Every structure is written in structure tokens, then in C-alpha cells.
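Asker: My questions all concern the structure below.
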């Protein structure tokens, strides 16, 4: 279907979902702005063939069985996000740190969820999107590993940061991050603010990154760093199990 037809088809599904008793052909045609009967027939035929719509005993179009499975999938995903939020909130409250959940689309990093700690450095607010740049915590996991091996690319990214950051130290940090599966920026990008991040994978693809920020001075407390790393990796494992279940 063309984009115009696809848009019309989706609007039909949405409108039908609002009418438990269904909508007849003439009503759907009127809803669409009275296009040709051929156009309406094509839309309804294709939606019916995919079990997105179905005809009831009275001849009206109602939601088909496919939408039932879509609904179950959406409910599962919503439940998964609620579990992730609970894990993040527990980390925030237990360790008094800032936690972000990030994703990336079209070269832009988007913050899905955020729990802030007053004593920790501010991270991204939930719902905030930023252009993807290397110095931003967690962003290295959104880049292909081979791209991060290009010194010229890294140097150009560091220039955007506006601070004098040793390229060799950044290269070492990236190497250690990929080897361990956990990024520790060692306060390279924001003096006094230590940030950590782990990639969240679904079907072996990185779909999100969980970031944690803390004042570097707080890490002088014996055992706190080890606790943070252990807890962050444990939460990563539980989230990935939730995603794959």
C-alpha cells in the first residue's frame, strides 16, 4: 500500500477500535472523507486478509484477532518497562545515585527514564533527547565498535566536547568498556562526576543503555565502587531476562 493508503488504513483500525459494535462499509467510507468505493474496498480487503479487521454476523467491521496479539505484546512491553523503572528506582534509593535509561534512534540519544540523586551529578532528564556525541555517557555502546577504533573519528568527537581530553586515555577507556561490557568514564568528560553505563541487549542487539552517575568524591567510601559495579551488572542481567521472557 502507498503511504497515503497506509495512513488511511491505520486510521480505520483506530476508528473501528472505538466502536464495539463495528462499522459498516458506508460509515467507514464517510469517515475517510468519501474516497472512491474501490479505495475503501482495497483497504478493508487488505486489513481483513491480515486478520486486523473482521466482519461480524451483522456485516460490520470489527477488530480482528491480530489486534488481540498486538495488545498482548504491548501489555507485555509496558510491564517490562515498569519492571525496569522499579529496578532503576531501587538503585537510585539504595545507592543514592542518578540513573538514566537511554535509547538511540537516527543519531539522536533519547532519555526514556531518569531518577535523579541530589548529591550526584545531573544526568539527562527523562524525556530529553540530545544529539549523539561520544563524550555523553553511554553513547559509545550506540556506535559500532570498529568506528570507535578510528583515531581520527574519536579526535573529531572530542573536539566537540570543548575540553582538553587525552585521546589515548579515551581509546583505552573504550577498549576496556567493550572488553568488560561496562563503561567507566573515570570522570574524563566531566571532572568530579564519575559515570558508568551498561548496554541492554535484545536478540543480541543493543536497544538501550543504562547509565549511572555519582560524585567521584563519594567513591572514596570503602567498597562503594565494587557495590555499584556489581549492582549495575546484576540489574542489566535482570532487565535482559525480562526482555527475553
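A short reminder: the numbers here are calculations on the coordinates, not readings from a lab. Note that the coordinates shown come from a computational prediction; the quantities given were computed from them, not determined experimentally. Every residue, glycine as well, gets a Cβ built from its backbone with ideal geometry; the counts of neighbours run over all protein chains shown.
Asker: For a Förster distance of 51 Å, can you work out the FRET efficiency between the beta-carbons of residue 149 and residue 86, rounded to the nearest 0.05? Before the final figure, lay out the partial values.
Answerer: Numbers: r = 37 Å, r/R0 = 0.73.
According to the calculation, E is roughly 0.85.
Asker: For residue 38 paired with residue 21, estimate the spin-label separation in nm (one decimal), with each label point 7 Å from Cα along the Cα-to-Cβ line.
Answerer: 3.4 nm
Asker: Where does each of 220, 156 land when they are ranked from fewest to most other beta-carbon atoms within 10 angstrom? Could you put the intermediate results ahead of the total?
Answerer: Working: 220 8, 156 11.
Lowest to highest Cβ neighbour count: 220, 156.
Asker: Continuing with the same structure: Sorting 13, 209 on the 10 Å Cβ count, fewest up front, what's the list?
Answerer: On the way: 13 19, 209 24.
Fewest to most other Cβ atoms nearby, the residues stand as 13, 209.
Asker: Can you put 87, 240 in order of Cβ neighbours within 10 angstrom, beginning with the fewest? The partial results should precede the final answer.
Answerer: On the way: 87 20, 240 17.
Ranked by crowding around the Cβ, least crowded first: 240, 87.
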